[in-house]
Amino acid sequence: MPTGFSQVLASIEPSAGPGFSVTVPPDWLQGRTVFGGMQMALGGRAMRAVLPLQAAAMPLRSAQMTFVGPLLGGAPIRMKAETLRAGKSTVHARCDLMHDDGKVACTVVGIFGGPRESRFVKEMPRPEPGVSAENASSGVPGPPTPEFLRHFEVRVARGAKPYSGYTEPKSLIYARLRDLDCGSEDALLALADVIPTPVLSMLTEPAPASSVNWMLEVLRDPAYLDLHEWVLIDTEVRAGTAGYLSQTSVLYGADGHAYSVSHQTVAVFG
């Protein structure tokens, strides 16, 4: 039986040494590694646990993650988190995710910050998908379907399924997390990484692809995100050479506001 997103996060516990531990079930795998959005959420939880008391309510403003190696499902994962610096309005923290061999599989640095007074406000306009989530085609994965996708609902507004010979490295996707019991910040981190790179849609036969790093900018407090509604994810691959792609995704809530911008370097082996 699939294990809900909130159940995995709730199973985090203090480890024998400094830090925390968790075992992610195989239904959260993306190929041979744990789904990147799950890795980011685990790192976020561990970092929050070590923040100074005055920073406990600060929203996540930015996170940078490097995928060093496979983070395996079904095996204990250790998380070592620390506060790097606590300023008046922002706090920097770090978390390494590793297995019992002590080798780091993933490292994430997060910046948490309270609101500031500012006269400058600029919105990112939400694109018009031209079709509602209810009328969009269901599902983006091509064979083989990643295990973790069973935990999401996904609809294609623009673009195509992987390996279909599509003509543009762009996609516009509706997505929704099936587990509504998790926190809004956790859900945002999962949803921001749910789609495959649009370049896979341009290929005509299967080829492996994996994220090398991921930078997430949080533009709006995730507390305002309605988890019952669909988010819209606008993704474009801006450049690619020698098998490495640069892509950007913007995630919009049902209220029309942009909640996050993701920048990723993706390696494509084909």
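Values quoted throughout were computed directly from the atomic coordinates according to the rules given, and no laboratory measurement underlies them. None of these values were measured; they are calculated from a predicted model. Note that each Cβ is placed from the backbone with ideal geometry, even for glycine, and that neighbours are counted across all protein chains shown.
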**OP:** State all residues of segment 27-51 that are over 16 Å from ALA190 (Cα atoms) and either within 18 Å of the chain's Cα centre (by Cα) or buried (at least 22 other Cβ atoms within 10 Å of the Cβ) (or both); if no residue qualifies, say none.
**Re:** GLY31, ARG32, MET47, ARG48
**OP:** Kindly list, by first and then second residue, each pair from a residue in segment 233-261 that is without any contact (Cβ under 8 Å) to a residue 40 or more places away in the chain to a residue that is aliphatic (A, V, I, L, M) and assigned to a loop (DSSP other than H, G, I, E, B), limited to pairs with Cβ atoms under 9 Å and residues at least 6 apart or on different chains.
**Re:** GLY253/LEU225; ALA254/LEU225; ASP255/LEU225
Original post:
Can you name every residue in segment 86-111 that is out of contact with any Leu (no Cβ under 7 Å at 6 or more places or on another chain) and within 17 Å of ALA49 (Cβ to Cβ)?
Top reply: ALA86, CYS95, ASP96, MET98, THR107, VAL108, VAL109, ILE111
**OP:** State all residues of segment 49-70 that are more than 19 Å from LEU219 (Cβ to Cβ) and in contact (Cβ under 8 Å) with a residue 40 or more places away in the chain; if no residue qualifies, say none.
**Re:** VAL50, LEU51, ALA55, THR66, PHE67
Subject >> Pair list, Cβ < 6 Å and 6+ apart or interchain, from segment 94-105 residues that are farther than 12 Å from PRO76 by Cα to residues that are of a type in the set (Gly, Ala, Ser) >> reply: CYS95/GLY43; CYS95/ALA46; CYS95/ALA81; ALA105/GLY69
Subject >> Enumerated strands (runs of 3 or more DSSP E) restricted to segment 1-93, each holding at least 1 residues that are of a type in the set (Lys, Arg) >> reply: 60-67, 76-86
